[in-house]
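The values are calculated or read from the model by the stated rules, or taken from the named source; none is laboratory data. What you are looking at is a predicted structure, and each value in this text was computed from that prediction instead of being measured. Reconstructed Cβ throughout: ideal geometry from the backbone, glycine too, with neighbour counts over all protein chains shown. Surface accessibility is based on the protein's heavy atoms, side chains included, excluding ligands, DNA and RNA. Shrake-Rupley method; radii C 1.70, N 1.55, O 1.52, S 1.80 Å.
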Amino acid sequence: VGIMEKEGETVLRLMAAKVRGATRELDEGIGTVYERVVIEDYFRDLQKRCKLKNILENPAEGVTGVPGMNSLEFARNGATGTLSNPSDKMLDGARAVWVNQGLVDQATFVKCPVDQLPFEDDTLDMVWNYCMFERFKDPSTLVAEMKRVSNRYVLILPQHRSNWASMFTTRSHN
């Protein structure tokens, strides 16, 4: 019992330290905030290693509960961001988040189909999305379009059915 209690306390301290900087208006709950903090750590490292200056999130969605939030970390570290989505409502929500964070001058918001981007070939350092791949019946046109406009990297962060939470959820539905 003593070891389990110490491990639990260690996890709680780590989570508390990681979410301490989360602003109240971006707080969707400790699990999602912690997930975002981990992803932001990854993005900072990726941006530094790959020297990313301009990124496109396509489509920029509110999967984490706050539309447009996922690309903020790139802008906080000097990159310009473009967020595309076919929905005005989603883009308006994203713009509000960027305004709130004082980073709207580093962003462009583009309404367009996810597989018909209005950008020249090879113009962006990285094109990416978060938990979108698995939402498409045939994601090949999405991926081809992402590849077309990127001059270096395409990053797709999907949900994976083998991760612990997905396995639990999947099993409970069988």
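Which of the residues that make up the range 113-137 are open to solvent by less than 20 Å² (accessible area, probe 1.4 Å) and on the phi > 0 side of the Ramachandran plot? Residue satisfying the conditions is C131 alone.
Out of the range 40-78, which residues are open to solvent by less than 50 Å² (accessible area, probe 1.4 Å), farther than 21 Å from F133 by Cα and of a type in the set (S, T, N, Q)? Residues satisfying the conditions are Q47, N54. Number of residues in the range 79-100 that are in contact (Cβ under 8 Å) with a residue 60 or more places away in the chain and open to solvent by less than 60 Å² (accessible area, probe 1.4 Å) equals 1. The residues listed here are K18, K6; of these, the one that is modelled with pLDDT under 60 and part of a helix (DSSP H, G or I) is K18.
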